[in-house]
Amino acid sequence: MVFRVFRIVLLGIVLVTSSWTCSFAQPVSGDELHIIVGEREISFDDDSGRPFIGKNGRVIVPVRVIAEQFEAKVSWIESIPPVVLITKDKLNVRLWVTENIGDTWLDTRVPGAPSSDPSTMKMSLDSDIEIINGRTYVPVRVVFESLGATISWEAETNTVRIL
């Protein structure tokens, strides 16, 4: 009798926890993700590209749309491997597209002064940089935190806030 009660309780626990897992693991499409920069929600369409949840559960965004709303400049450097350079004020983030690595540095050089190498800090990306339909997509948190932004995630509304 005790063994039967134990099996029923165990089965109940398994069923409840598996339903929790299923409810938390629902995929989120780009239409359901909200990206807010400052106080402004960014609208996405097929031309700009749409954010999505990538592997490792990271929010992946079209870099140019978000960077320009964050008042940063995006440059594409055709090299092997290709490089995306994001610049805001004197802070730079360089991403090697096919390598999924990057670095960041503060350009403290004074115009007209002898050049010096700015110090760099390596960054590791835990999600791929992706090229989809000619647009570059990056993990929002690691890239924009490197530019000095504060990133927050509101799970109830599937919202990323960039401040």
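Going highest first, how would you order 81-91, 36-46 by mean Cβ packing within 10 Å?
Values: 81-91: 16.1, 36-46: 12.5.
Ranking the peptides 81-91, 36-46 by packing returns 81-91, 36-46.
So, R0 is 22 Å and r is the distance between the beta-carbons of Glu130 and Leu163; what FRET efficiency does that work out to, to 0.05?
Between Glu130 and Leu163 the formula returns 0.30.
Extension gain Lys55-Glu39, at 0.36 nm per residue separation less the Cα-Cα distance, in nm?
On the way: separation 16, 0.36 × 16 = 5.76 nm, distance 2.79 nm.
Contour length minus Cα-Cα distance gives 3.0 nm.
Please work out how much length the chain gains when fully extended from Ser152 to Leu85, using 0.36 nm per residue of separation minus the C-alpha to C-alpha distance, in nm with one decimal. Mind dumping the intermediate values first?
Details: separation 67, 0.36 × 67 = 24.12 nm, distance 2.34 nm.
Length gained between Ser152 and Leu85: 21.8 nm.
Two decimals is fine: what is log10 I(q)/I(0) at q = 0.13, 0.21 Å⁻¹ for the range 28-162, from a Debye sum with one equal scatterer on every Cα and no solvent?
Relative scattering, expressed as log10 I(q)/I(0), comes to -0.54, -1.34.
Just so you know, all these numbers are worked out from the coordinates, no wet-lab data involved. This structure is a prediction, so every number in the text was calculated from the model and none was measured. Because the Cβ atoms are built from the backbone with ideal geometry, glycine has one as well, and the counts that use them run over all protein chains shown.
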